[in-house]
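The values are calculated or read from the model by the stated rules, or taken from the named source; none is laboratory data. In this text the structure is predicted, and so the values were computed from the model without any measurement. Positions of Cβ are generated from backbone atoms using ideal geometry, with glycine treated the same way; all protein chains shown enter the neighbour counts. What goes into the accessible areas is simple: the full protein's heavy atoms, side chains included, and nothing from ligands, DNA or RNA. Shrake-Rupley method; radii C 1.70, N 1.55, O 1.52, S 1.80 Å.
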Amino acid sequence: MRAVRIGLPIAVLFVVASAAAVAVPLVRASMSASEPDERPAAAVEQFVCAQVASSIDDYCDRIAEDLGRRTPVTDDERVAALPRRQALLDGFVRELGADCPRPLEHCRLPATTPEAVRQALVASGFNDPAVRPARYTDPAPAGAILYAVRAGPVCLLGHVRSETAAPPLIVGRLPDESCLWS
């Protein structure tokens, strides 16, 4: 009988505590869900990065960090930027003699310089492109030429290296509204 007197209050206490653990978060959630968020949903950012396993260049980590600093890109913004990305690749073909088989494949091109890349971007209709040798903190492999241009509310970010050009990524702007840190 003594066990029942001790066990029954413990069981009641357990049931009350369990109910409170479920009820409190539900009540808080219903209070905070007064108005839906009207901002457009951003597309899920996915990218594939390949680097030599023995490489000390942590390019894949740097591009992931860079994407995390940028504003999200909506599906509509991404679709609107596709013709500008194609114009950029067409400019590389015209101005640098690149061979770009498909929009998402690397282009092959003769060895080039940052100034030649800048001129190709300007000739393709991009005003004030940011072009420079990649730094060890940049979202590009070591030794690459990094470039970024505005394409409406988003940026095209890419690099040229070892006679190849990676297809530009459609990315958001950085916190200072630029496409590439100075």
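Before moving on, here are some points about what is shown:
- Under a 5 Å amide H cut-off, with hydrogens placed 1.01 Å from N, A98 pairs with V93 among residues at least 5 apart or on other chains.
- Net charge over other residues, Cβ less than 14 angstrom from the Cβ of E105 (K, R count +1; D, E count -1): +2
- Loop-resident GluC sites (Glu not before Pro) (DSSP state other than H, G, I, E or B) in the range 77-153 with no more than 16 further Cβ atoms inside 10 Å of their Cβ: E105.
- Whole-number accessible area per residue in Å² for the range 129-182, which is evaluated in the context of all protein chains at 1.4 Å: 39 Å²
- Estimated from the Cβ-Cβ distance and a Förster radius of 25 angstrom, the FRET efficiency linking C60 and T113 is about 0.45.
- Scanning residues 5 or more positions from D58 or on other chains, none has an amide H under 5 Å from its amide H, with H placed 1.01 Å from N in the peptide plane.
- Heavy-atom SASA rank of Y136, Y59, Y147 (probe 1.4 Å, accessible area, largest first): Y136, Y59, Y147
- Using a probe of 1.4 Å on the protein chains alone, the accessible area found for S178 is around 30 Å².
- Overall, the accessible surface of the range 66-126 at a probe of 1.4 angstrom is composed of carbon and sulfur to the extent of 56 percent.
- Nearest-10 value in Å² for the accessible area of V79, using the 1.4 Å probe: 90 Å²
- Loop-resident sites, the range 90-182, for trypsin sites (Lys or Arg not before Pro), counting at most 12 other Cβ within 10 Å (DSSP): R135
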